[in-house]
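These notes concern the structure reproduced below.
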Amino acid sequence: DTVFVMNGTYVKDNSWSSDVVIETTSGTADKWIVWINFPGHKPLISFDCWQGFNIQGSFIEINGLTVKGNNENITLEQALNQPQSCANPTGSFDARFNGNGITADGRNGAHFHHLKVKNCTVFDCGGAGINFIQADYITAENNTVYNNSWFTLWATSGINLWQNWNYDSSTGVRNNIRNNICYDNRQFVPTVAPYCAFSDGNGI
């Protein structure tokens, strides 16, 4: 299937989900699921929750979307004293400071694979801009990724690949990060205790 996203600002509008968009269906090798802006349209996903776009499947492409996080609504003082920070190790983690723009997280055992994020603009996310965890066959290309990872406790980066996982035994190139514009991604808040130090906030 192809999902054409038309003009509008899309936000989280329910109490049961921690994300704006969740794609839980997988495509196949010859029939990918594609989310793409309708020709001439510039849709915006705006979020202050855990994920703007949460990929929970394989053979999925995200193309031409703009994803904006919550940074403009946060001060550095608030971020440094957020719950579970080194300055305030109490309470529960708060998504407003730690949300990721576009994420595929395979730590639940699903190990997602064959994922593409193309021609997207992802910015102002407290956590990672574009984030892949325990995944394989990743392509991130022609994206603009900026002002991310400022306020998270989790040591993310603008484009984040962590604990890459082997989908198969191929020795060829499986992950491609290319032709992206990536800037002003950095950590202003130390990584969660017990580390309490700056470790990431990279472009990639």
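Taking the residues in the stretch 88-99 that are open to solvent by less than 40 Å² (accessible area, probe 1.4 Å) and without any contact (Cβ under 8 Å) to a residue 60 or more places away in the chain as candidates, determine which candidate is farthest from the chain's Cα centre (by Cα).
At the first step, the residues of the stretch 88-99 found to be open to solvent by less than 40 Å² (accessible area, probe 1.4 Å) are 94-95, 97-99.
Within this subset, residues satisfying the condition of being without any contact (Cβ under 8 Å) to a residue 60 or more places away in the chain are 94, 98-99.
Details: ASP94: 16, ASN98: 10, GLY99: 8 Å.
Ranking the qualifying residues of the stretch 88-99, first place goes to ASP94.
Residues ILE55, ILE45: which one is in contact with a strand residue (DSSP E or B) (Cβ under 6 Å, 6 or more places away or on another chain), under 24 Å from ASN176 (Cα atoms) and modelled with pLDDT of 95 or more? Spell out the reasoning first.
Details: ILE45 fails: under 24 Å from ASN176 (Cα atoms).
So the residue among ILE55, ILE45 that is in contact with a strand residue (DSSP E or B) (Cβ under 6 Å, 6 or more places away or on another chain), under 24 Å from ASN176 (Cα atoms) and modelled with pLDDT of 95 or more is ILE55.
Taking the residues in the stretch 63-82 that are in a loop (DSSP other than H, G, I, E, B) and of a type in the set (Val, Ile, Thr) as candidates, determine which candidate is most open to solvent (accessible area, probe 1.4 Å).
Quick first cut of the stretch 63-82, residues in a loop (DSSP other than H, G, I, E, B) only: 64-65, 69-70, 74-75, 81-82.
This time we only want the ones that are of a type in the set (Val, Ile, Thr), so: 74-75.
Details: ILE74: 20, THR75: 71 Å².
Looking at the filtered set, the residue picked out is THR75.
If the requirement is being open to solvent by less than 30 Å² (accessible area, probe 1.4 Å) and over 12 Å from the mean Cα position of the chain (by Cα), which of these qualifies: ALA128, ALA110, ALA155, ALA140? Walk me through how you get there before you give the answer.
On the way: ALA128 fails: over 12 Å from the mean Cα position of the chain (by Cα); ALA110 fails: open to solvent by less than 30 Å² (accessible area, probe 1.4 Å); ALA140 fails: over 12 Å from the mean Cα position of the chain (by Cα).
ALA155 is the lone residue from the list that is open to solvent by less than 30 Å² (accessible area, probe 1.4 Å) and over 12 Å from the mean Cα position of the chain (by Cα).
Within the stretch 128-159, how many residues turn out to be assigned to a loop (DSSP other than H, G, I, E, B), β-branched (Val, Ile, Thr) and within 14 Å of ALA104 (Cα to Cα)? It would help to see each step written out before you state the result.
Here is the first cut: in the stretch 128-159, the ones assigned to a loop (DSSP other than H, G, I, E, B) are 128-129, 134-135, 142-143, 147-158.
Narrowing further to those that are β-branched (Val, Ile, Thr): 152, 156.
Okay, now just the ones that are also within 14 Å of ALA104 (Cα to Cα), so 156.
Total meeting the criteria: 1.
Being part of a loop (DSSP other than H, G, I, E, B), open to solvent by 50 Å² or more (accessible area, probe 1.4 Å) and at negative phi: is that true of SER85 here?
On the way: part of a loop (DSSP other than H, G, I, E, B): yes; open to solvent by 50 Å² or more (accessible area, probe 1.4 Å): no; at negative phi: yes.
In short, no.
Based on this model, can you work out whether LYS12 counts as more than 16 Å from the chain's Cα centre (by Cα), within 24 Å of LYS116 (Cα to Cα) and open to solvent by 20 Å² or more (accessible area, probe 1.4 Å)?
Working: more than 16 Å from the chain's Cα centre (by Cα): no; within 24 Å of LYS116 (Cα to Cα): yes; open to solvent by 20 Å² or more (accessible area, probe 1.4 Å): yes.
So LYS12 fails the test.
Search the stretch 1-26 for residues that are over 16 Å from THR66 (Cα atoms) and modelled with pLDDT under 95 and pair each with any residue that is open to solvent by less than 50 Å² (accessible area, probe 1.4 Å) and in a strand (DSSP E or B) when their beta-carbon atoms are under 8 Å apart and the residues are at least 6 apart or on different chains.
Note: pairs meeting the criteria are ASP1/ILE33; ASP1/VAL34; SER18/GLN51.
Give the number of residues within the stretch 113-125 that are closer than 28 Å to GLN78 by Cβ and open to solvent by less than 10 Å² (accessible area, probe 1.4 Å). Steps first, please.
The initial filter retains those residues of the stretch 113-125 that are closer than 28 Å to GLN78 by Cβ, namely 120-125.
From what is left, the residues that are open to solvent by less than 10 Å² (accessible area, probe 1.4 Å) are 120, 122, 125.
Number satisfying all stated conditions: 3.
So SER58 fits all but one of (1) open to solvent by 50 Å² or more (accessible area, probe 1.4 Å); (2) outside any strand (DSSP E or B); what number is the exception?
(1)
The values are calculated or read from the model by the stated rules, or taken from the named source; none is laboratory data. This structure is a prediction, so every number in the text was calculated from the model and none was measured. When we count neighbours, we look across all protein chains shown, and the Cβ atoms used for this are built from the backbone with ideal geometry, even at glycine. For accessibility, only protein heavy atoms count, side chains too; no ligands or nucleic acids. Shrake-Rupley method; radii C 1.70, N 1.55, O 1.52, S 1.80 Å.
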